[in-house]
Amino acid sequence: MTILTIETKPFADQKPGTSGLRKRVTVFSQPNYVENFVQSIFDCLEGIKGKTLVLGGDGRFYNDVAIQKIIKIASANGFGAVLVGQGGILSTPAASHVIRHHKAFGGLILSASHNPGGPDGDFGIKYNVSNGGPAPEKITDAVFARSKEIDRYLIVDAPDVDLSRIGTQHSAGMVVEVIDPVADYAALMETLFDFDKIRAMFAAGFTMRFDAMHAVTGPYAHKILEGILGAPQGTVVNGTPSPDFGGGHPDPNLVYAKDLYDLMMSENAPDFGAASDGDGDRNLIIGRNRFVTPSDSLAILAANAPHAPGYAAGIAGIARSMPTSAAADRVAEKLGIEMHETPTGWKFFGNLLDAGRVTICGEESAGTGSNHVREKDGLWAVLLWLNVLAARQQSVDMIVQDHWATYGRNYYTRHDYEEVEAAPANALMDDLRAKLPSLVGQSLEGRPVAYADDFTYHDPVDGSTSGKQGVRIGFVDGSRIVVRLSGTGTVGATLRLYLERYEPPHGQHDLDTQSALSPLISIADSVAGIKARTGRDAPSVIT
Ligand code: VG1
Ligand code: CO
C-alpha cells in the first residue's frame, strides 16, 4: 500500500458554519479543496488509529466524488474501518444513529441540507463526534485554524470502492463496510413507536402524503411508511433521491413544499401531510386544513410524547433554540421539567442530551428530535405525530386547537431576506447591537421594552460560552423580535427576522398569523431599518 503525502496550499474560506462547511459545488470541486478540509479535520482529532469512521451523504451532486476521496484519505490517516451507506447514502439522523450504534470514532456527513444541489448548487461536509452529534465549536474552531495553515495531506493510491454492493471490502489495508442505509435506523424507530397501533390506523383507512422532495428520506419513508407500517403505495411521493433534487429546493417550507400545502388545504386532502429536507433532519407537518408551525409542533410533541412507548416514562426536559417560540416553555413549566434555550444549530443540544437533562429538542426551522440520536430527525417527528394521532384518535387540527386551549398560542413567523449584500447586512446588525442598551425601558410603537440584548449562551454542562448569537428585543407583554444572520447560506448574507406574540388560553386563536404579528413586523422594520438597508420591499421567504 502506498501512502502519498501531497503538498497543498491553504484555502482561506474553510470556516464551518451553523452546520458544517457549505459552499457551491464549484468551490468544493477545486483541486485539493475537499482534501484540505478533510485532512484539517483529521489533524484535529486524537487517537484515530485503527478506529471506525462513518461516512454517507444525501446523494447530492458531488457526493460520489467526495466520498471516494474521503475513503482514501481516511485510510492514509490510519482509520481501521469506514462504515459507508450503500450508494454513498445516509440521512443525517441515520448517520448519527450508525455512529452511536456501531460505537464509531465519528462520522463525516456529506450534505448542504436544504440548499439546492446540482453542478451549480451547494455541497457540504460536516464532522460528527462519537456521541453522534455535530462537532462542538471547540472542534470546528480548531479545524478552521488548521485549514489556514495546512501544507500537506495524506491519501492512499488505491482504486475506488464499489459502493453499490453491501458487504466488506478492503481499501489499501482499511476495511470498508458498505451497509444498508435504512436497516439500523428502521430498527431504532421500531423501538420508540407503537408500530402496531400506527399499522392499525393505516389499515383502518387513514390517509397520508409524505413528500421526500427527491432527497434522502425517500428510501427511508418507502421502507418504514409503506413497507413496515402498511401505508398504501403512493403515500410517499418524490421518493427517489436525485443528485439535483429533481431541480427543486429540498427545503420543506410553505414556499418549496407548496404542492403539499395546496393539497392539504384542498377538498382532496388526506388526513396527514409531511415532508423532509435534503438530508432528512427537518420535518414539515400539515394536517387537513391545518399547518402546524414548527415551534408549535415541538411543544405538542413534547406534551404528547408519552403516547409513544419510547417516552412512556415521561421526558426529562426540553431544549429549544433561542429564536424558536416559547410555546414549548409552557409545556415544560406545566410538567415541572427543565427548559433550556440554546443558540441556533443542533450542536448546542448535544451536551444537554448526553447529560440526560433534556429528552426532546427543537428549532423553529422545522427541526425536532430527541435523545434517540444527536441530530434533528425528520422522519422521527413524522412517526411521533403518527403515534400521537393513532393514540388520540383525533385530527391534527383538533390536537392543535386543544393544545392552544390548554397552553395558549404563541403566534409565530419568520421572515427571511435571502442573498442580500453582506456589507449592509453586517452594518445593520452592528447598528442594531449598538442601539440595544438605549431601548430598554423605552416603548416602541406603544409597547414597553423589557429587555434588549445579543444572546449569549452559557452551556450548563461544560461551562463554555457562545456569544453574539442573535439580537433579541423582548416586550413586557411577552412578545418578541429576534434578528440574526444565517450561518448556512453560501451567497451574500441571509437576514432572518423572527416574530412572536403570546395569546393566553382563552384568547383569540384563529387570527391570521401575519396580521396578528403585523405591529411587531412594523416595529422590527423601523428599529433595524430592514427594508432600507437590504433594498428589499418584502422577505424572500415567509414561514
Ligand atoms: C439554519 C436554521 C437552523 C438549523 C440549520 C441547519 O441555520 O436556522 O435552525 O439548525 O439551518 O439545518 P441558519 O444559520 O441558516 O439560520 V439543516 O437542516 O441545514 O442541517
Ligand atoms: Co437538514
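No value in this document is a laboratory result; all are computed from the given coordinates. As the structure is a computational prediction, the values presented were derived from the model and not from experiment. Here Cβ is always computed from backbone atoms with ideal geometry, including for glycine, and neighbour counts include all displayed protein chains.
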* To do: Please work out, to two decimal places, the log10 of the ratio I(q)/I(0) at q = 0.14, 0.15, 0.21, 0.24 Å⁻¹ from a Debye calculation in which every Cα of the stretch 27-102 carries one identical scatterer.
  => -0.45, -0.52, -1.02, -1.26
* **the stretch 514-543 versus the stretch 353-406: alpha-carbon centroid distance in Å** => 30
* Structure fact -> What the Cα atoms of the chain span along the principal axes, largest first and in whole Å, is 72, 59, 41
* Structure fact -> Averaging 1/r across every pair of distinct alpha carbons in the stretch 144-216 and inverting yields a Kirkwood hydrodynamic radius, in angstrom, of 17.6
* Structure fact -> Along principal axes, largest first, the alpha-carbon spread of the stretch 409-542 in whole Å comes out as 43, 41, 28
* Could you name the lysines in cross-link range of residue 69, using Cα to Cα under 17 Å and dropping any fewer than eight places away on the same chain? -> 126
* To do: Work out from phi, with θ = phi - 60° and the Karplus expression 6.51 cos²θ - 1.76 cosθ + 1.60, the ³J(HN,Hα) of each residue of the stretch 283-294, listed in order in whole Hz, and give x for Gly and Pro.
  => 9, 10, 10, 9, x, 4, 6, 8, 7, 9, 5, x
* **For q = 0.14, 0.15 Å⁻¹, Debye-computed log10 I/I(0) when each Cα of the stretch 185-407 counts as one equal scatterer** => -0.81, -0.94
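In the stretch 3-181, what is the volume of the convex hull around the alpha carbon atoms, normalised per residue and reported in Å³?
On the way: hull volume 17.9 nm³, N = 179.
In the stretch 3-181, the Cα hull volume divided by residue count equals 100 Å³.
Relative contact order for the chain: what percent, with Cα pairs under 8 Å and sequence separation of 6 or more? The partial results should precede the final answer.
On the way: 1247 pairs, mean separation 72.0, N = 543.
In percent, rounded to a whole number, it is 13.
I'd like the FRET efficiency for residue 536 and residue 145, computed as 1/(1 + (r/R0)^6) with the beta carbon distance as r and R0 of 25 Å, rounded to 0.05.
On the way: r = 35 Å, r/R0 = 1.42.
FRET efficiency, residue 536 to residue 145: 0.10.
Taking the Kirkwood radius as the inverse of the mean 1/r across Cα pairs, report the Rg/Rh of the stretch 493-543. Numbers along the way, then the final one.
On the way: Rg = 12.9 Å, Rh = 12.5 Å.
With Rg and the Kirkwood Rh in hand, the quotient comes to 1.03.
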* Spin-label proximity, residue 160 to the stretch 54-68 - amide N less than 17 Å from point 7 Å beyond Cα toward beta carbon -> 56-68
* Asked: Expressed as a fraction of 2.2 N^0.38 Å, the rule-of-thumb size for a compact globular protein of N residues, what is the C-alpha radius of gyration of the stretch 212-272?
  -> 1.15
* Asked: Karplus couplings for the stretch 224-234 from phi (6.51 cos²θ - 1.76 cosθ + 1.60, θ = phi - 60°), rounded to Hz, Gly and Pro as x?
  -> 7, 6, 7, x, 6, 8, x, 5, x, 3, x
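For n ≥ 4 DSSP H runs only, could you compute -39500 (n - 2.57) per run for the chain, divide by its residues and tell me the 222 nm figure to the nearest 500? Let's see the in-between values first.
Values: 18 runs with 171 residues, N = 543.
My calculation for the chain gives -9000 deg cm²/dmol from helical runs alone.
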* Asked: At residue 191 and residue 258, where each label point lies 7 Å from the Cα along Cα→Cβ, what is the point-to-point distance in nanometres?
  -> 4.3
* To do: Restrict the search to the stretch 80-179; then list the GluC sites (Glu not before Pro) that DSSP places in a loop and that have at most 15 other Cβ atoms within 10 Å of their Cβ.
  => 149
* Structure fact -> Sorted by chain and number, the residues with a modelled amide H under 5 Å from that of residue 121, at a separation of 5 or more or across chains, are 25
* Post the alpha-carbon centroid distance, the stretch 1-41 to the stretch 148-225, in whole angstrom. => 25
* **Violating pairs (Cα-Cα greater than 18 angstrom) within the set 72/148; 138/347; 435/468; 49/72; 9/51** => 72/148; 9/51
* Asked: Between residue 8 and residue 130, what is the label-to-label distance in nm when each label sits 7 Å out along the Cα-to-Cβ direction?
  -> 2.5
* residue 68 versus residue 203: modelled label distance in nm, points set 7 Å from Cα along the beta carbon direction -> 4.8
